[in-house]
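The values are calculated or read from the model by the stated rules, or taken from the named source; none is laboratory data. Note that the structure is a prediction, hence the values are computed from the model and not measured. All Cβ positions, even for glycine, are placed from backbone atoms using ideal geometry, and neighbour counts span all protein chains on display. We work out accessible area using only protein heavy atoms, side chains counted, and drop any ligands, DNA or RNA first. Shrake-Rupley method; radii C 1.70, N 1.55, O 1.52, S 1.80 Å.
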Amino acid sequence: MSNCISSVLFICLGNICRSPLAEGVFRNEAKKRGLEDRLIIDSAGTGGWHVGNPPDRRSIQTAANHGIDINDQSCRRLATSDFHQFNLILGMDHSNIIDARSANDESGPAQILLFTQFAGTGENLEIPDPYYGGPEGFENAYRMIKLASIGTLDRLFAPQG
Ligand code: 4NP
């Protein structure tokens, strides 16, 4: 897979807290490795309450604390076409996976998997929804997302043996 373009869509419930952070952090890690041109990276929500809005200000602040700008993102809802256009759809928790699989009513070929599991940073490990908590939940999400982003890039671009 190392010379191909991979397309990765991060999903969560609202597309304002975790998945925008994942999009920004993963893009930043890809950039550090010079891999940005070989990836199509996006994020979406399984729910549609915040469509058109920027990320939650706490996600924007957490990303900024780590030198990452996610201000220009805009919330969108997961669409049927995503299951045809993306190789990988990575969810933050199990309910994201269940919701996305049931929305894939045209049986598009995208692999729909738990982010941490694909990354090898935790079997069945969910990235908890920080929406109703304090800033520490966002920092925790950032840390888990950063580790999982590194693991995902290692896996997608592992040297061919
Ligand atoms: P996210 O967090 O799924 O990480 O974007 C949430 C954001 C908003 C809501 C739920 C979760 N909400 O119910 O509005």
Hits in region 125-139 (condition: assigned to a loop (DSSP other than H, G, I, E, B) and either within 12 Å of the ligand (Cβ to nearest atom) or touching a residue at least 24 places away in the same chain (Cβ under 8 Å) (or both)): E126, I127, P128, D129, P130, Y131, Y132, G133
Matching residues, region 20-69, being open to solvent by 50 Å² or more (accessible area, probe 1.4 Å) and part of a helix (DSSP H, G or I): R27, K31, K32, E36, D37, R38, R57, R58, Q61, A64, N65
Matching residues in region 124-161 - criterion: being within 19 Å of R33 (Cβ to Cβ) and among the aliphatic types (A, V, I, L, M): I145, L147, A148, I150, L153, L156, A158
Every residue from region 140-161 that is away from the ligand (no atom under 16 Å from the Cβ), surrounded by 13 or more Cβ atoms within 10 Å (Cβ to Cβ) and of a type in the set (A, V, I, L, M, F, W, C): L147, I150, L153, L156, F157
Some residue of region 89-98 being of a type in the set (D, E, K, R) and closer than 16 Å to P130 by Cβ: yes
Yes/no for R76 being open to solvent by 20 Å² or more (accessible area, probe 1.4 Å), touching a strand residue (DSSP E or B) at 6+ places or on another chain (Cβ under 9 Å), touching a residue at least 60 places away in the same chain (Cβ under 8 Å) and not polar (S, T, N, Q): yes
Hits in region 83-109 - residues which are buried (at least 21 other Cβ atoms within 10 Å of the Cβ), within 18 Å of L156 (Cβ to Cβ) and more than 16 Å from the ligand (Cβ to nearest atom): F86
